[in-house]
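Input: a single structure, listed below in structure tokens.
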Amino acid sequence: MSPIDTNKEEKEILNKYRNLLRACSDKTDKKDKKLIRKAFNLAVDAHKEMRRKSGEPYIYHPIAVAHISAKEIGLGATSIACALLHDVVEDTDYEIEDIERMFGGKIVRIIKGLTKISDVFDQDISLQAENFRKMLLTLSDDVRVILIKLADRLHNMRTLDSMPEQKKLKIASETLYLYAPLAHRLGLYPIKTELEDLGLKFTNPDIFKSISSKLNETKVERKKFINKFILPIKSSLKENNIKFDIKGRPKSIFSIRKKMEKQSISFEEVYDKFAIRIIVDSDIENEKSDCWQVYSIVTDFYKPNPDRLRDWISTSKTNGYESLHTTVMGPEGKWVEVQIRSRRMDDIAEKGYAAHWKYKGVTEKESSLDNWINQIREVLENPESNAVDFIDDFKLNLFSSEIFIFTPNGDLKTLPKSATALDFAFEIHSEVGINCLGAKVNGKLVPLSHVLNSGDQVEIITSKKQKPKKDWLRFVVTSKAKTKIKSSLKVEKKEIASRGKEVVERKLRHLKVKLNRKTETELIKHFNVNTSLDLYYKFGISSISNSELKGFVKIKTAGWYETIKQKIYRGGRSITQSKKDNKIIVFDDNEDVLDYKLAVCCNPISGDKIFGFTTVEDGIKIHKTDCPNSIQLRSNYAYRILKAKWVDKETIDFIATINIRGIDRVGLMNSVTKVISSQMHVNIRSINISSEDGIFEGEITLFVHNVTFLNSLNEKLTKIDGIKEIKRTYKHI
Ligand code: MN
């Protein structure tokens with residue numbers, strides 16, 4: 001490596017700084033410049049000893065992020081200062097208090113937001129989701145946090161080459177998964193496109209290279225075609241005294257690749273590898289009619305495809321995008337996409353949210369982007385939703401195309417495609433959704449699950465008595481509806497469960513049983529539910545009868561099965577088997593071998609489906625499942641019924657499979673095999689162990705003699721440090 005030339009580097013830093021100032025908007029005044037200078041000085045000092053993976057001085061990175069924020073996103077001085085400072089608190093000796101002292105409240109809030117979102121690298125997916133949610137939460141504070149974060153990510157992607165291979169893949173995938181859709185949602189098209197292309201470059205380098213080289217090869221030809229196409233339009237626009245800008249723009253590599261995949265076609269078969277963009281300079285009052293005039297001129301020369309007209313001027317996309325798109329038949333029988341928009345619309349398409357801000361109040365239109373951000377806030381403010389679910393819902397809403405629905409008054413609402421009448425109800429208001437009884441679409445009564453089409457006019461019928469049903473979650477698609485339904489179901493379940501708990505407590509008191517932790521656990525087991533919430537909910541909706549509860553208490557106090565088992569064991573293990581047949585009966589899930597008698601009423605023989613009925617006097621009696629007495633026995637004495645089945649006498653050996661999961665550490669594997677082979681003297685049939693991302697997973701298949709033995713093995717395995725979960729399955733051989 002050549003020695004570092006600090007002189008040269010210092011010059012380069014100053015150069016970059018001057019470029020940054022040049023990238024700032026012309027509205028930047030003296031005060032703004034002073035602020036940027038101050039932030040720059042601090043950042044240079046804070047990062048002075050640091051270098052990036054590429055060997056460059058670290059300060060190059062914050063300057064680049066600030067440059068992107070200024071030039072490509074169009075942010076102002078405060079954001080530029082924040083971008084310069086974005087890594088200071090996280091990576092250097094400076095504390096957040098230092099920033100507060102030097103720069104004050106506004107900047108410190110943004111820096112806090114940026115620091116809170118620690119880098120999502122090297123974390124598992126749920127943490128990553130949590131982190132992303134945190135980032136979105138900062139939307140409620142200040143959108144600038146996310147915009148700077150996107151600038152940060154873009155520069156990291158541009159300089160990803162110097163990272164190790166694994167990190168490249170991880171960062172690039174994350175970019176495709178989260179950041180590019182977010183940039184899209186915030187209307188930052190060029191940034192979204194670049195993030196996608198870079199994402200593809202690092203996740204799928206071969207495909208990326210092949211498409212980009214083919215694009216290069218066909219460049220000259222394409223340019224010729226574009227010029228030929230534009231020529232007549234240009235002169236006609238001039239004749240009509242329209243001030244305009246016209247250019248042919250290649251589509252992104254990512255989008256070409258997406259088209260190839262989606263339609264399973266080759267590169268050559270993708271017809272719209274570029275689009276023509278016409279930008280008109282017109283006043284805000286005339287921009288709509290000007291755009292349509294341009295449309296009229298274009299279609300004078302080329303026939304439009306009526307199915308491909310998109311009017312996002314009359315109704316903009318939710319991310320703020322406004323434009324008029326048409327696809328026309330060009331020379332040589334080739335379809336060409338033409339995008340027509342005003343200078344203002346183009347600004348918004350390029351710079352998204354920031355540009356929106358700039359034009360706020362200039363247009364009458366209520367900003368749909370503001371609406372969207374408000375929606376996100378609402379979803380985010382619901383603490384109940386889990387992070388992974390949230391991201392899934394959120395992503396769904398990021399990607400889906402939109403439909404437009406009218407209220408009875410003619411107001412327009414935007415919903416994702418495949419939204420239902422119920423989604424629309426929640427869109428109007430959560431109360432309307434919660435009490436939604438039905439809907440009328442274009443005057444016709446439809447079920448709540450009815451999928452809406454763009455242009456539908458929808459009226460919602462409500463009733464105060466209506467409450468959300470679990471079933472509703474099957475057909476709503478918006479995160480807003482999902483979250484509201486989930487939380488209202490949860491609240492309701494909790495209320496019912498707390499009533500149920502009072503009920504069961506009172507009933508048990510009558511039966512002289514106290515409801516404590518132990519009883520609760522026994523109840524959960526007995527009624528085969530997962531949690532105490534589920535248990536009390538069942539009592540709350542009266543799905544457990546009094547006699548069932550009495551049955552439980554009887555078993556609990558008398559301990560039927562245990563009593564009888566003890567008695568039989570004490571009475572010796574003489575197994576009264578039918579001599580002619582080499583099968584015996586085993587009981588319960590543990591397959592205990594116990595003494596029994598065959599019932600005379602139905603006389604079961606080996607192979608019959610059977611159950612055991614426990615009696616104090618006579619031990620266990622075996623009945624056929626379809627014995628005429630069985631219904632009466634089962635319904636009145638359910639707690640005395642024992643599972644039973646026939647097995648071969650000779651070979652009461654099991655093959656057991658144990659699945660274990662835990663947190664991996666050095667020596668864990670060794671401890672596991674040691675317990676199994678040396679301590680327990682069992683035969684291992686096969687072992688399958690894997691360790692991924694710190695999680696140890698193993699499947700061990702063993703020969704064991706009985707289940708009691710297996711249980712004690714489980715107990716020993718559980719005690720090993722790091723083992724978190726043991727699951728067991730076994731079968732006879
Ligand atoms: Mn950074």
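The values are calculated or read from the model by the stated rules, or taken from the named source; none is laboratory data. Treat the numbers as computed from the prediction; the structure is a model and nothing was measured. Here the Cβ positions follow ideal geometry from the backbone for every residue, glycine too, while neighbour counts run over all protein chains shown. Quick note on the areas: whole protein, heavy atoms, side chains included, nothing else; ligands and nucleic acids left out. Shrake-Rupley method; radii C 1.70, N 1.55, O 1.52, S 1.80 Å.
A few notes on this one:
- Members of segment 209-226 found to be open to solvent by 30 Å² or more (accessible area, probe 1.4 Å) and either touching a Gly at 6+ places or on another chain (Cβ under 8 Å) or acidic (D, E) (or both), listed by number: E217, E221, R222, K223
- Near pairs, Cβ below 7 angstrom, 6+ apart or cross-chain, from segment 54-67 (more than 9 Å from K16 (Cβ to Cβ)) to any residue that is away from the ligand (no atom under 13 Å from the Cβ) and not in a helix (DSSP H, G or I): P57/R51; Y58/R51
- D93 vs. criteria open to solvent by less than 70 Å² (accessible area, probe 1.4 Å) and among the charged types (D, E, K, R): no
- Search result, residues across segment 301-330 that are of a type in the set (K, R) and part of a helix (DSSP H, G or I): R308
- Residue under evaluation D206, criteria (1) farther than 13 Å from M157 by Cβ; (2) at pLDDT 90 or above; (3) open to solvent by less than 10 Å² (accessible area, probe 1.4 Å), criterion not met: (3)
- Only helices (runs of 4 or more DSSP H) whose full extent lies in segment 5-105 are considered here, and the ones with at least 3 residues that are at pLDDT below 90 and within 16 Å of the ligand (Cβ to nearest atom) are 88-91.
- Some residue of segment 175-195 being of a type in the set (G, A, S), away from the ligand (no atom under 16 Å from the Cβ), in a loop (DSSP other than H, G, I, E, B) and in contact (Cβ under 8 Å) with a residue 60 or more places away in the chain: yes
- Matching residues, segment 238-259, being in contact (Cβ under 8 Å) with a residue 40 or more places away in the chain and assigned to a helix (DSSP H, G or I): I253, F254, S255, I256, R257
- Restricting attention to segment 203-212, the residues that are more than 30 Å from the chain's Cα centre (by Cα) and under 14 Å from K251 (Cα atoms) total 2.
- Candidates are the residues of segment 164-202 that are over 19 Å from the mean Cα position of the chain (by Cα) and open to solvent by 50 Å² or more (accessible area, probe 1.4 Å); the one that is farthest from P416 (Cα to Cα) is P164.
Conditions (1) in contact (Cβ under 8 Å) with a residue 40 or more places away in the chain; (2) open to solvent by 80 Å² or more (accessible area, probe 1.4 Å); (3) farther than 30 Å from D311 by Cβ, marked per residue:
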site	(1), (2), (3)
A421	no, no, no
E427	yes, no, no
K469	no, yes, yes
R474	no, yes, yes
S479	yes, no, no
L489	no, no, yes
